[in-house]
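Undergrad: Below is one structure. I have some questions about it.
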Amino acid sequence: MKYHELLSEEMKSTLKLAGYSEPTPIQEKTLESILNKLDILGIAQTGTGKTAAFAIPIIERTFTDNKKTQTLVLCPTRELVLQTTEVFRKLSNTSSLRTVSIYGGQSATIQIRALRSGAQIVVGTPGRVKDLIGRNVLKLANIRTIVLDEADEMLDFGFLPDIKSILSNVVNKHQTLLFSATMNKNVLDIAKQFQNDPVCIELGNRNEPTKTVQQSYMIAAENQKSSAVQNLIRQEQPRLALIFCNTRRRVKNLQKQLMEQGFPVSCIHGDLSQSQRDVIMNTFRKGKTPVLVATDVAARGLDVKNIDLVINYDIPDKMEYYVHRIGRTGRAGHAGRACTLVSPQDNSKVASIERKFHIKLTKEQAIAR
């Protein structure tokens, strides 16, 4: 059957009002299998529409007159939890379905109160989800579907013990949907242990960066990198630019250098509180500070529209992070640009990236100013 033939009239009307015209490839490929209660192992880059890919059929299958939790979605970061919750609410705003977010950094009391009021869908980070299960507040007896979103990121963050504990608490028959931008041994182990003959759906080659991003590199000595960043921003004139550094110290130093040159720039890193991060991300999304410097941990799971330019100030320590970094641009089929600054002594790492991800990076000359 065709995609729209599988949807209820109410959902088709909601999608139209929400501005969803045609399904993305991941939505097209997963809908029927999810509606048929099959397990899914989906490999797809960020920005391909996979949140709606699982949200649409889950909403279609949810019993709205039953207020108990029927779906649990696990995400690696608070930001992704909130973004995923927003998609569920947007696609169910004409029904009585209720979605609740639970995550660290907010009072557990507020979240406990929300859960006790009833929530058919719960979206949360593994640590807080495990905590509320342990307090017997989040009950899993009626779970029909579990989603592991950005599974590779959750495993990178060290959430494997929490994930195994949570999944082991779901004893009734249920559907498990696992989505990941990259595939590695830990992701496969989770699939083998907790999924039942999953339908494997891959968009593009495994672990391959999105094809909508123009990828390049530029040789720049350490003392030239700040100037290279400034020149790239001036040349590209991006609506939003995201710059990755490998350490908090380098993030802070680069922010200071850019501010001294008059760039409206902010930064996020692990030293900031959640409330500080929220303020910074809001000003970035709105374009009030259109340049953001970040560490990998601070920026994982971000889904921000209009990021036209990603700059790798440093080559990532882990090669898999390359895919996640450049996946912040070129989202939902739009074109994006990513440039990696390479110190002369790290020149050989370019070939390593090209081999691992089966890509060819264009070499750029430094921009003279």
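Read-outs: derived from the displayed coordinates by stated rules, not from any lab. Just so it is clear, the model here is predicted, and its values are computed rather than measured. Virtual Cβ from ideal backbone geometry, glycine too; neighbours counted across all protein chains shown.
Undergrad: Divide the volume of the convex hull of the Cα atoms of segment 213-364 by its number of residues and quote the answer in cubic angstrom per residue. Working shown, then result.
TA: On the way: hull volume 15.9 nm³, N = 152.
For segment 213-364, the hull spanned by Cα atoms encloses 104 Å³ per residue.
Undergrad: For segment 337-354, just list the computed ³J(HN,Hα) in residue order, Karplus coefficients 6.51, -1.76 and 1.60, θ = phi - 60°, integers in Hz, with x standing in for Gly and Pro.
TA: Per residue, the Karplus-derived 3J(HN,Hα) values read 9, 9, 10, 9, 8, 10, 5, x, 6, 9, 4, 5, 5, 4, 4, 5, 4, 4 Hz.
Undergrad: Give the total of Lys-Lys pairs in segment 183-317 with Cα-Cα distances below 21 Å; include a pair only if its members are 8 or more places apart or on different chains.
TA: Count of close lysine pairs: 7.
Undergrad: Residue farthest toward the positive end of the dipole of segment 214-266, with Cβ of Lys/Arg at +1 and Asp/Glu at -1: which of Pro238, Gln257, Ala221?
TA: With unit charges placed on the Cβ atoms, the residue in question is Gln257.
Undergrad: Assuming a viscosity of 1.306 mPa s and a temperature of 10 °C, what translational diffusion coefficient in µm² per second does Stokes-Einstein assign to segment 3-202, Rh being the Kirkwood radius over Cα pairs?
TA: Numbers: Rh = 16.8 Å.
Rounded to a whole number, D works out at 95 µm²/s.
Undergrad: How high is the FRET efficiency between Gln235 and Tyr3 when r is their beta carbon distance and R₀ equals 45 Å, given to the nearest 0.05?
TA: 0.65
Undergrad: Further question: Name the residues whose placed amide hydrogens come within less than 5 Å of the amide hydrogen of Val342, ignoring near sequence neighbours (fewer than 5 apart) on the same chain.
TA: When sequence neighbours closer than 5 places are left aside, the close amide H contacts are Met218, Ile219, Ala220.
Undergrad: Continuing with this model, one more query. Please get the size of the charge dipole for segment 244-369, origin at its Cα centre, with Cβ charges of +1 on Lys and Arg and -1 on Asp and Glu, quoted in debye to the nearest 20.
TA: Roughly 140 debye, rounded to the nearest 20.
Undergrad: Over the chain, what is the mean sequence separation of C-alpha contacts under 8 Å (at least six apart), divided by residue count, expressed as relative contact order in percent?
TA: 19 percent.
Undergrad: Is segment 62-121 best put as rounded, prolate or oblate by its Cα gyration tensor, with a ≥ b ≥ c the root eigenvalues, rounded for a/c under 1.5, and otherwise prolate when a/b is larger than b/c, oblate when not? Please report the intermediate quantities before stating the final value.
TA: Details: a/c = 2.03, a/b = 1.30, b/c = 1.56.
Oblate, because a/c is 1.5 or more while a/b does not exceed b/c.
Undergrad: When you count, for each residue, the other Cβ atoms within 10 Å and take the mean per peptide, how do 278-291, 231-244 rank with the highest first?
TA: Those peptides, ordered most packed to least, come out 231-244, 278-291.
Undergrad: Under 5 Å between amide H atoms, partner at least 5 residues away or on a different chain: which partners does Cys200 have, H built in plane at 1.01 Å?
TA: Those qualifying (amide H under 5 Å, at least 5 residues apart or on another chain) are Leu41.
Undergrad: Then there is this: Spin-label point model (7 Å from Cα, Cβ direction): what's the Glu260 to Asn172 distance in nm?
TA: Each label point lies 7 Å from its Cα, and together they span 6.1 nm.
Undergrad: Over segment 164-310, what is the mean sequence separation of C-alpha contacts under 8 Å (at least six apart), divided by residue count, expressed as relative contact order in percent?
TA: Worked out over segment 164-310, it gives 24 percent.
Undergrad: Rounded to the nearest 0.05, what FRET efficiency do Val137 and Gln365 have when you use their Cβ-Cβ distance and R0 = 41 Å? Mind dumping the intermediate values first?
TA: On the way: r = 58 Å, r/R0 = 1.42.
FRET efficiency, Val137 to Gln365: 0.10.
Undergrad: Between Gln175 and residues 5 or more places away or on another chain, which pairs have amide H atoms under 5 Å apart, with H built 1.01 Å from N, and which residues are they?
TA: Thr145, Ile146
Undergrad: While we're here: Using Cα-Cα distances under 8 Å and only pairs 6 or more residues apart, what relative contact order does segment 20-98 have, in percent?
TA: Relative contact order of segment 20-98: 30 percent.
Undergrad: In sequence order, what are the phi-derived ³J(HN,Hα) couplings for segment 3-17 according to the Karplus relation 6.51 cos²θ - 1.76 cosθ + 1.60 with θ = phi - 60°, rounded to whole Hz, with x for glycine and proline?
TA: With the stated coefficients, segment 3-17 comes to 3, 5, 6, 8, 9, 5, 5, 4, 5, 4, 5, 4, 4, 5, 5 Hz.
Undergrad: Would you calculate, for the chain, the mean residue ellipticity at 222 nm contributed by helices, counting each DSSP H stretch of 4 or more residues as -39,500 (n - 2.57) and dividing by all residues, to the nearest 500?
TA: -11500 deg cm²/dmol
Undergrad: Cα centroids of segment 253-332 and segment 136-155: how far apart, whole angstrom?
TA: 28 Å
Undergrad: For the chain, what does the equivalent ellipsoid look like in terms of its semi-axes, each the square root of 5 times an eigenvalue of the Cα gyration tensor, given largest first in whole Å?
TA: Listed largest to smallest, the semi-axes of the chain are 36, 22, 20 Å.
Undergrad: Between Ala294, Val171, Ser21, whose Cα lies farthest towards the positive end of the dipole of the chain when Lys and Arg beta carbons carry +1 and Asp and Glu beta carbons carry -1, centred on the Cα centre?
TA: So the residue furthest toward the plus end is Ala294.
Undergrad: Go through segment 268-285 residue by residue and turn each phi into a ³J(HN,Hα) via Karplus (6.51, -1.76, 1.60, θ = phi - 60°); whole Hz please, and just put x for glycine and proline.
TA: Once rounded to whole Hz, the list reads 10, 7, x, 7, 8, 6, 4, 5, 5, 4, 4, 4, 4, 5, 5, 5, 5, 4.
Undergrad: Could you rank the peptides 51-63, 151-163, 9-21 by their average count of other C-beta atoms within 10 Å per residue, with the highest value first?
TA: 51-63, 151-163, 9-21
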